[in-house]
């Protein structure tokens, strides 16, 4: 049997709140992320196949940075306009919410 004091109970509450905010962001933004990368990989595969079929001399280059910047802008706009107000209405504190958004965006930056 564990006795909870104010400090341990408050720490557990903050961990749960951070975990809940991260889960909300991940659950709501997972499908746009998957769709974006699916389209990018399909476009890459079609370009490589067409390059092999055309049999021309030269090389082909790929640059995804422009589309990633556009996706990032749309993604950020969604977080600011919809995700943050909804999480605040559900009772998340701003400090933990912004920490969870920062962790979430850092994870996305690493995967991109």
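Where a number appears in this text, it was derived from the coordinates with a stated rule and is not lab data. Nothing here was measured: the structure is a model prediction, and the numbers come from that model. Positions of Cβ are generated from backbone atoms using ideal geometry, with glycine treated the same way; all protein chains shown enter the neighbour counts.
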Exercise for review: May I ask you to order 16-25, 38-47, 59-68, 89-98 by the average number of other C-beta atoms within 10 Å around their residues, highest value first?
Suggested key: 16-25, 89-98, 38-47, 59-68
Check your understanding: Could you give the angle, 0 to 90 degrees to the nearest 10, between helix 65-78's Cα long axis and the longest principal axis of the Cα atoms of the chain?
Key -> 30
Review point. Relative to the longest principal axis of the chain, what angle (0 to 90°, nearest 10) does the C-alpha long axis of helix 94-111 take?
Key: 30
Point to revise | Mean projection area, nm², convex hull over Cα of the chain | key: 10.1
